[in-house]
């Protein structure tokens, strides 16, 4: 065994990057593999709630206690990913009073700061709440940007020497002498940053230990080594509103149920969710009734949702797990706790541990426990530092700056940029030349896009999750071609074109679930812009070559272009022509 | 007392303006009422007639030849090839657009780096036709993210254009803010000689003998011809604008030209207040224009609905369905809203075809296929049965049906 | 007299709402502050930007799309999110509002953002604030000046005084202050016999079979017609009476337009409360509210209900009209004019400019259409550009050049047009037209008066 053990972590969601960062900080040699972009799986498809623990305070107090602890840690180490919005558990007249009391005492028991406010006070905090709200409990819920958090964890791991490979799918586990010794991986392009058109290929990566942190996909990795991991994927819908109707997390104060939470997320609000078991984490129906249920149920809390614009919906798949002997019928009964499955102990297969279940909010704690477990394998005793060292971007920074003086940016754009970049803002936004806004909906400038391109290769969806470019109300209608042009500085035109098409398709995918009213109008405008004005749908560069000579070549007055005869001879004004 | 006219046109986009201009030129007492500004201003300013068949065949060299092959419910079939030609004649008479010398489509470069088939183009875009084999230098501006000249040039090359094309990005003279609007560039080029000189100098410094210079569409507003010809004479090269948008100066120049044609022809118009309702059974007696809560009657003998499609809000929708908001005209559409679209971004989207159906005189039909009113016709984007974006037929359909609606309505007077 | 109350308690350096001021008082319903939902309508087409006369000449102003829906959407919490200071460059012409094909409440967004900026981010002791407050409260200055009109006109336009004002207050020395009338409209009205006299005259002119209840209007004359261009107010009264309408002139304050434009929403609300209260009583009695200034009519119709929650506000809004618009809807004025001939000093070729706030109400063509058939005069629309003055905007030294640059196309078109007399419904546009061309500028009511009222 090498002096520095090589640990291979499969899965670029919050759990995987959390483990990778922790191990890298404990001086392991780490490789992280992700089949898509970072956050490709469940992490990129969640509502962005930083739990206070309040949601578990009645039914699962252990989880609740972990949540409030980690909630405090993340405010510290991930300050540029977290917005402390605060949260409310709102009780409607028809909701059960005893449950409200249970919630309150549960919070107390778990150390979650909670106070009761009247309906009137709640509406002062959140004016769009329904007027018949009885009362509410305040809790320290927050909003977290999962993309930024995962990207920052991965960046930190890389700073500590880790290798991070995205768009790299594990095709097989290498098992030698009954022990997992590595993987065979297929790079979409690469290795290294993903660049369209660069040939990928298979690579054998040997490791001293493998951590399977693939969430809902854990069973597939298990299958490769013949071990059975019974993940029970459960889908949930999330509907994104165009603007924030609330600036506080709004929870419905009643026992488990669908459509009971609104999370203010960056410029939007996210409505969630449902809980329905599915067979395949990659292939499940996404249905109209689910979206309608979000709006029609949550409007009981915030009536204006009825008429408000949604910009897309997406589904996430929870990687729920319970030991096979429990046998819950309803996925909502399955614990949100996580399980460390040491395959040596469990299946007699040394060299690999899987981690299943768990929650986003406690990703760091899970990472710490896995890293401890890995340390034990190698008899290494090094302390975890992930709770103390801020993530890149979360070092000291202030959002109160003179944006025009310092960066030449209008204040809301500067403000949003700094909120996203945190302590990296100066490094990214101080530019010599003009720094125009590329995505106007989200206030993303060229400098920030270029910074993201440097991190992500030619993948515009990777640029998107880093910057939020194309995630606003036009859903890429007005900035997709601009983003492609930003890529073109670095990459050849055909690469930019493929990335562009991929972005358009990705944006369309979620927008389809919001196609009525304003968003259908937007989609029709985008379609006109892309197809009519840009002819993006019939790009001759993508098809057979054209016979240009068969088309109108203009009239014959070619000496000064085609305008010679049109000059107005009306005298005009003394403006120096 | 109602505000009265012979023909009332509801909507001030390309279709409404064509209707009103056509009728006014025939001496009809016409009034155009438009709520806010139309989507014409968003459009590139190119006037497409038909670039691709509904099956995606194309680019078509001769749009007129393809019209008889279109499906029966296509608005061009209602108007007929001769009707389309007559309509284009009116358009050619009231604008300075090019392309009328031939039936053949031209291919024009787009700011997205492709070329697209179009039947008419403004003089400012004329030198850009892609079937001209003279070399092209595309010049972009540093802060103008909508037109990246090197990227567009590389893309055009990949599209196989028959000329050498290269792109360069320059800084616009003066110290403009990065978010300066297109109108600011246009204004400076129009009114400030130092800006023009500096602009010419910077273009010249990056040019290596190309005979054509392509620029973003910011070369002046009211005085755009003078700006362009000034640049041409200073550079000794043909200068053209690459249409883009929104925002689109070529689009709003076209709008200006059509409003002034309407004014010259004696038509009345007003903008800013919506038509919200109507009175009448078999015939519309009058419509109601809402002015801050008050509904003012506007009466006419004949009415033309030219309020646009989903973008122009002549057609609207909610979670339950798709509808026409003023007259509640029948709009055929799938009940399940998940059948309104295709899964592919450029797939065959049913929503793109949603609109009202008409008889051969462009009278709006109800769900049973009978005229909803004796005196209501429809033109332009509010019509169903065609996907203007995929076909590149939006402007042509608006002009042709606007003309046809005006002619049919005039005959009834 | 309704106007007798003393407005001199006003002190520009101290908001009169004093310590009690809280945003929540301006917006009793807390969610009025939150205009983020208005951004739902925006689909980014930028039609608003291409209509902005300021962005066209000043790239420091980022245009209405940014100022409105984009900025609101990016705003996350009420407390520490700053409004970009470029809001002070918006002239409040509201062409964007009239342009938006998608129903974004741009005027409401701009007015609210400006109000917040002035409340929360602008020093109340700055010269700029004090100057803006004086400009916004024109009525107060005018009330004082009208007490000694000739002296005021002289002093205000004295070059030494103007130099000092430019340097210390930022009021451009190039501008001529409007002349103050020696007799205000209200004084004239009272002397003439007020509403009783009007009822008598209207009755004489009404057809016998007419229902008198259809012939009642309440005139909102605004500050200019009262203190400066009193001939417009008089023309309104004479024209309406000629057509059989009895006119009443209720108690009224400034419409609030200059206060909106300067972000002084609490000043505006105090005035609005008076105006709404007196107008809503009359509206209840069957009167329609008529304004001869298009900014006043827009304030009553659109800005009041968008910004304030005052009893009766909707009713007033729904029953307010521009003076010429009302005649077109409710009388046979078009026929009367097509049969009339104008002689004398108004038998002119007019260069007509449609004011932005009239455009916003869909009135941009009414004068041209009405007078096209009137014998003895000609009228030409000088195009759709903004005059550039936008009320108080052009009265700020730092905005003067921008204001004149915006106005240049209008000046050019006026010069190119046949006559040398201007026409517009807006008194400050008229001021700019005069300033840029030296033309005499008339209100359409004056021409209607010349056409149909016997001298």
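Coordinate-derived values only; no laboratory data. None of the values given here were measured: they were computed from a predicted structure. For neighbour counting, all protein chains shown are included, and Cβ atoms are generated from backbone atoms with ideal geometry for every residue, glycine included.
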Within 10 Å of each Cβ in B:33-43, the average number of Cβ atoms from other chains: 5
Relative intensity, log₁₀ I(q)/I(0), of region A:403-537 from a Debye sum that treats every alpha carbon as a point, q = 0.19, 0.20, 0.22 Å⁻¹: -1.07, -1.15, -1.30
Packing-based exposure ordering (other Cβ within 10 Å, fewest first) of A:318, A:202, C:336, A:252: A:202, C:336, A:252, A:318
Estimated distance in nm for a label pair at residue A:550 and residue A:330, the labels positioned 7 Å out from Cα along Cα-to-Cβ: 6.5
At q = 0.09, 0.12, 0.13 Å⁻¹, base-10 log of I(q)/I(0) for chain B (Debye sum, equal scatterers on each alpha carbon): -0.57, -0.96, -1.09
Partner chain coverage, peptide B:268-277 - average Cβ within 10 angstrom: 4
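Based on the Cα gyration tensor of region B:195-348, what are the three equivalent ellipsoid semi-axes, each the root of five times an eigenvalue, rounded to whole Å and given largest first?
Values: eigenvalues 396, 123, 28 Å².
Listed largest to smallest, the semi-axes of region B:195-348 are 45, 25, 12 Å.
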Region C:55-176: C-alpha gyration tensor shape, a/c 1.5 cut-off, then a/b vs b/c: prolate
Cα centroid separation - region C:118-138 against region B:133-184, whole Å: 44
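Output the antiparallel fraction of DSSP beta bridges having both residues in the protein assembly as shown, as a percent to the nearest 5.
Just about 50 percent of them are antiparallel.
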Cα gyration tensor of region B:30-81 - equivalent ellipsoid semi-axes, whole Å, descending: 27, 16, 10
Crossing angle, helix A:97-110 versus chain A [Cα axis fit, 0-90 degrees, rounded to tens]: 80
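With both partners inside chain A, how many of the DSSP beta bridges are antiparallel, as a percent to the nearest 5?
75
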Nearest 10 degrees, 0 to 90: helix A:446-456 Cα axis against chain A principal axis: 50
Isotropic mean projected area of the C-alpha convex hull, region A:483-525 (nm²): 3.3
Förster radius 30 Å - calculated FRET efficiency between residue A:179 and residue A:381 (Cβ-Cβ, nearest 0.05): 0.80
Per-selection Kirkwood Rh - region C:184-310 (Cα, Å, 1 d.p.): 15.0
Rounded FRET efficiency, nearest 0.05, which uses the C-beta distance separating residue A:455 from residue A:172 and R0 of 30 Å: 0.55
Exposure proxy order (Cβ contacts within 10 Å, fewest to most) of C:374, A:174, B:376: A:174, C:374, B:376
Percent antiparallel among DSSP beta bridges (both partners in chain B, rounded to 5): 40
D_trans [Stokes-Einstein, Kirkwood Rh over alpha-carbon pairs] for the protein assembly as shown, 37 °C, 0.692 mPa s, µm² s⁻¹: 96
Peptides C:104-110, C:68-74 ordered by average Cβ neighbours within 10 Å, highest first: C:68-74, C:104-110
Centre separation in Å (Cα based) which lies between region A:1-58 and region B:20-56: 56
Region A:93-160-region C:401-455 distance, computed between alpha-carbon centres (Å): 61
Shape of chain A, Cα gyration tensor, a/c cut at 1.5: oblate
For region C:333-452, diffusion coefficient by Stokes-Einstein and Kirkwood Rh (Cα), 37 °C, 0.692 mPa s, µm²/s: 229
Mean Cβ neighbour count within 10 Å, used as a protection proxy, ranking B:158-167, B:396-405 highest first: B:396-405, B:158-167
Paramagnetic reach from residue C:187 in region C:141-158 [backbone N under 14 Å; point 7 Å along Cα→Cβ]: C:142-153
Residue mean of other protein chain beta carbons inside 10 Å, B:131-139: 2
Alpha-carbon spread of chain C, three principal axes, descending order, Å: 64, 49, 48
Cα-based helix-to-principal-axis angle, C:265-284 vs chain C, degrees rounded to 10: 30
Residue order, fewest to most beta carbons within 10 Å, for B:305, A:340: A:340, B:305
Distance in nm between pseudo-label sites at residue A:76 and residue B:361 (7 Å out along the Cβ direction from Cα): 8.2
Mean projected area in nm² (Cα convex hull; one quarter of hull surface) for region B:111-242: 7.2
Calculated FRET efficiency for the pair residue B:101/residue B:233, C-beta based, R₀ 30 Å, to 0.05: 0.80
